[in-house]
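What follows is a set of notes on a single structure, which appears directly below.
The values are calculated or read from the model by the stated rules, or taken from the named source; none is laboratory data. Keep in mind the model is a prediction, meaning the values are calculated, not measured. All Cβ positions, even for glycine, are placed from backbone atoms using ideal geometry, and neighbour counts span all protein chains on display. Protein only, heavy atoms only, side chains kept; ligands, DNA and RNA dropped before computing areas. Shrake-Rupley method; radii C 1.70, N 1.55, O 1.52, S 1.80 Å.
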Amino acid sequence: MNLIVAVDKNWAIGKSNKLLVSIPADMKFFRETTMGNVVVMGRKTLESFPGGQPLKKRTNIVLTKDKNYKVKDAIVVNSIEELLEELKKYNSESIYVIGGESIYRQLLPYCDMAHITKIDHAYEADTFFPNLDEDKEWELTGVSEEMTYFDLEYVFARYERRK
């Protein structure tokens, strides 16, 4: 299973249920990487999308404790156990965890690959991703050339779980 996330230099990922910044090349990378695949998210992440609608041309799976939560064109599960059972129907390599913070933390142990857009800036934030640079179970296995969006510098980094 994979995960995909954009983090700032403090591994922050959001504030008030919004991304810290929207970088067009990062959005394009996210779209191209997840298109045609399975995306796993929490309810708040889904509700942060335009119109609170699932992502098109992807299988959307939403993990929420709310047993009455329903959303058109998405699969809703209410526990990690139920989610893992649902995910058995799909090729693990085609599954992408896309947030938010609690979903990343709960599913990180099940992921083998992390696609991380690292933004060289510190934002005011209230949600964070675990720092993989400090996690002995993960290693940085690839990094793009540095790119710039206005005055922001960022790289696309790939981390893999150590075998």
### Message
Considering only the range 66-83, I want to know if a residue exists there that is on the phi < 0 side of the Ramachandran plot, among the aliphatic types (A, V, I, L, M) and under 13 Å from the mean Cα position of the chain (by Cα).
### Response
no
### Task
Could you please give the count of residues in the range 75-131 that are assigned to a strand (DSSP E or B) and closer than 22 Å to LYS65 by Cα?
10
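Is it the case that ASN78 is free of Cβ contacts under 8 Å to residues at least 12 places away in the same chain and surrounded by fewer than 18 Cβ atoms within 10 Å (Cβ to Cβ)?
Numbers: free of Cβ contacts under 8 Å to residues at least 12 places away in the same chain: no; surrounded by fewer than 18 Cβ atoms within 10 Å (Cβ to Cβ): yes.
Considered against the rule, which asks whether it is free of Cβ contacts under 8 Å to residues at least 12 places away in the same chain and surrounded by fewer than 18 Cβ atoms within 10 Å (Cβ to Cβ), ASN78 comes out as no.
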### Task
With the condition kept exactly as written, say whether any residue in the range 85-107 is within 18 Å of the chain's Cα centre (by Cα), open to solvent by 30 Å² or more (accessible area, probe 1.4 Å) and basic (Lys, Arg).
yes
## Note on the structure
Considering residues that are more than 24 Å from PHE150 (Cα to Cα) and either charged (D, E, K, R) or not in a loop (DSSP other than H, G, I, E, B) (or both), the number found within the range 16-68 is 26
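Could you tell me whether any residue of the range 86-99 is in contact with a Pro (Cβ under 8 Å, 6 or more places away or on another chain) and of a type outside the set (Phe, Trp, Tyr)?
For the range 86-99, residues in contact with a Pro (Cβ under 8 Å, 6 or more places away or on another chain) and of a type outside the set (Phe, Trp, Tyr): absent.
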### Message
Of everything in the range 92-147, what is among the charged types (D, E, K, R) and out of contact with any Asp or Glu (no Cβ under 7 Å at 6 or more places or on another chain)? Give them in sequence order.
### Response
GLU93, GLU101, ARG105, LYS118, GLU124, ASP126, ASP133, GLU134, ASP135, LYS136, GLU137, GLU145
### Extreme residue, farthest from LYS72 (Cα to Cα), among residues of the range 1-46 that are touching a residue at least 40 places away in the same chain (Cβ under 8 Å) and basic (Lys, Arg)
LYS9
### Query
Could you list, in sequence order, the residues of the range 125-163 that are among the acidic types (Asp, Glu) and farther than 13 Å from LYS9 by Cβ?
ASP126, GLU134, ASP135, GLU137, GLU139, GLU145, GLU146, ASP151, GLU160
### Query
So, in the range 1-19, of the ones that are over 12 Å from the mean Cα position of the chain (by Cα) and surrounded by 19 or more Cβ atoms within 10 Å (Cβ to Cβ), which residue ends up nearest to ARG105 (Cα to Cα)?
ALA12
### Task
Among the numbered conditions (1) surrounded by 15 or more Cβ atoms within 10 Å (Cβ to Cβ); (2) out of contact with any helix residue (DSSP H, G or I) (no Cβ under 8 Å at 6 or more places or on another chain), tell me where ALA114 comes up short.
(2)
